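Written below as structure tokens is the structure these notes are about.
The values are calculated or read from the model by the stated rules, or taken from the named source; none is laboratory data. Everything numeric here is computed off the predicted structure, so don't read it as measured data. Backbone-built Cβ (ideal geometry, glycine too); neighbour counts: all protein chains shown. Quick note on the areas: whole protein, heavy atoms, side chains included, nothing else; ligands and nucleic acids left out. Shrake-Rupley method; radii C 1.70, N 1.55, O 1.52, S 1.80 Å.
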Amino acid sequence: MYIVPAYISIEKDEIGNLCLFSTLEGTEIALEEAKYITEFWTIYNNGTEKIDTELTRFLHKYNMLIEKDKLSDTVKSVIEEVESGFFKVTIMPTEQCNFRCTYCYEQFKYGIIDDCVVNRIMEFIKHKLKYENHTEFKLEWFGGEPTLSRQGLIPSVTSSMKSLCEHSSIKFTSSITTNGYLLSRSLFLDYLHSGITNFQITIDGLRHDLTRIACDGSGTFSTIINNIKDIHDLSNDYKYNVTLRYNVLPENQDTSWYDYLGNLVKDDDRFGILIRPVSDLGGEKVKYLERYSAKDWKELLNFHIQKALAAGLKVVNLSEKRPFAKACFASFKDSYIFRANGDVVKCSSHIDDDRNIIGIVDPQKGVIINEQKNAIWSSFLPGKECYDCSDLGSCLNKNCPYLRLEHNACIYCEKAQVYCQ
């Protein structure tokens, strides 16, 4: 029996075509003729025993019609192919921050990373890119607040790693997560020219100054907005993506923020908004805040998305149906976070949990990874419950490996906020 797998997203466009999108592989096709649309729905509802028509052959070619007994093998094959070529390193050049946000989980334990540690990390990257079959390398900068790092460190390392990848024909991308306070146009251009093209800046709406406060207690909203304006004013010759992350608390119901932001970056596809509820990622401060339950947020998210779309904003949440979009990078074998003190961890949130610490940067021996601990985060596949889920292709049971470990579960399902033993 051949079936249309759950990872196929089905929608109608404005002229009546049936659009099929594979959230497993990213393939998109449109069925225009009525006979094909009718045949598709028959197959979708009943399955088919044979691949013997023009449509069934076409769908089968693109893994949109799969032999039911081989579905898990197909998914496993795609996961193995993606993971074998993927390599990601996140560097925390400092764990200090110039903000004291009301929901922050970080402890600000360590200062600026030592040059010896940076050199050992670069050696580690170079060795893996030279001797392993990676086709894609991602370099991310995180903190603390990474813009507080030593001047020139981030551009220098990024430029070096980009050149190395270009020489080896390896796809290179680099991103930075920042509060945006020190991200002047000149610093932004330094980062951009070095190879960082993706920027995430958190700005919590018009009530931002109540939650994202500077160390001295002052507001930070106006400075960040001015930096965003200066970046937005760069000509379209500058290619970059800025994601403006909006962390929502129940007390913040002012949706006029979307109109404000829409007027600020209107008609500029380089800017998008990511809407998230404030969640408990550790630490004590967030425990005293009222937060949305998963059920309440699920009902409210579409309301926020529609408000943002009406304001002319590009909503990043809507891209989360793409392949692996909901998969946490900690679930990939070759994904590593280097802390400022030289610890190597998988998850950026529960950073001091012993299960999270999988290695260390030794000044003499270099990067040492405990592969047994590393495997605990990545050596699992979708379970049988996953194959009927519409989020199969974007989640793949890789949504939050930390919660899977925390609950000692083989499956952790963010969609339902339940887990299976």
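Every residue in segment 9-30 that is within 18 Å of Val82 (Cβ to Cβ), of a type outside the set (D, E, K, R) and either in contact (Cβ under 8 Å) with a residue 40 or more places away in the chain or touching a Pro at 6+ places or on another chain (Cβ under 9 Å) (or both), please.
Phe21, Ser22, Thr23, Leu24, Gly26
In the set Ser175, Ser169, Ser184, which member is open to solvent by 10 Å² or more (accessible area, probe 1.4 Å) and in contact with a strand residue (DSSP E or B) (Cβ under 6 Å, 6 or more places away or on another chain)?
Being open to solvent by 10 Å² or more (accessible area, probe 1.4 Å) and in contact with a strand residue (DSSP E or B) (Cβ under 6 Å, 6 or more places away or on another chain) holds for just one of Ser175, Ser169, Ser184, which is Ser175.
Which residue is modelled with the lowest pLDDT, if the candidates are limited to segment 45-94 and must be of a type in the set (D, E, K, R) and closer than 30 Å to Ser156 by Cβ? Step through it out loud before you land on a result.
Narrowing segment 45-94 to residues of a type in the set (D, E, K, R): 49-50, 52, 54, 57, 61, 67-70, 73, 76, 80-81, 83, 88.
Subset that is closer than 30 Å to Ser156 by Cβ: 83, 88.
Details: Glu83: 89, Lys88: 98.
Within segment 45-94, the match that is modelled with the lowest pLDDT is Glu83.
Can you name the residue in segment 303-327 that is under 20 Å from Glu25 (Cβ atoms) and in contact (Cβ under 8 Å) with a residue 40 or more places away in the chain and is also surrounded by the fewest Cβ atoms within 10 Å (Cβ to Cβ) among such residues?
Per the stated criteria, the residue is Glu320.
Please verify whether segment 99-111 includes one or more residues that are in contact with a Leu (Cβ under 7 Å, 6 or more places away or on another chain) and surrounded by fewer than 18 Cβ atoms within 10 Å (Cβ to Cβ).
If we filter segment 99-111 for residues that are in contact with a Leu (Cβ under 7 Å, 6 or more places away or on another chain), which is where we start, we get 102-103, 105.
Filter again for surrounded by fewer than 18 Cβ atoms within 10 Å (Cβ to Cβ), leaving 102, 105.
Within segment 99-111, one or more residues are in contact with a Leu (Cβ under 7 Å, 6 or more places away or on another chain) and surrounded by fewer than 18 Cβ atoms within 10 Å (Cβ to Cβ).
Just to be sure, is Leu187 of a type in the set (A, V, I, L, M) and within 18 Å of Tyr240 (Cα to Cα)? Reasoning before the result, please.
On the way: of a type in the set (A, V, I, L, M): yes; within 18 Å of Tyr240 (Cα to Cα): yes.
Judged against the criteria, Leu187 is a match.
Which of the helices (runs of 4 or more DSSP H) contained wholly in segment 125-243 include at least 2 residues that are under 30 Å from Gln253 (Cβ atoms), modelled with pLDDT of 95 or more and of a type in the set (Ser, Thr, Tyr)?
221-232
Would you confirm whether any residue within segment 9-32 is assigned to a loop (DSSP other than H, G, I, E, B), in contact with a Cys (Cβ under 7 Å, 6 or more places away or on another chain) and surrounded by 13 or more Cβ atoms within 10 Å (Cβ to Cβ)? Steps first, answer last, please.
Pass one, segment 9-32, residues assigned to a loop (DSSP other than H, G, I, E, B): 13-17, 23-27, 32.
Those left that are additionally in contact with a Cys (Cβ under 7 Å, 6 or more places away or on another chain): 13.
From what is left, the residues that are surrounded by 13 or more Cβ atoms within 10 Å (Cβ to Cβ) are none.
Scanning segment 9-32 turns up no residue that is assigned to a loop (DSSP other than H, G, I, E, B), in contact with a Cys (Cβ under 7 Å, 6 or more places away or on another chain) and surrounded by 13 or more Cβ atoms within 10 Å (Cβ to Cβ).
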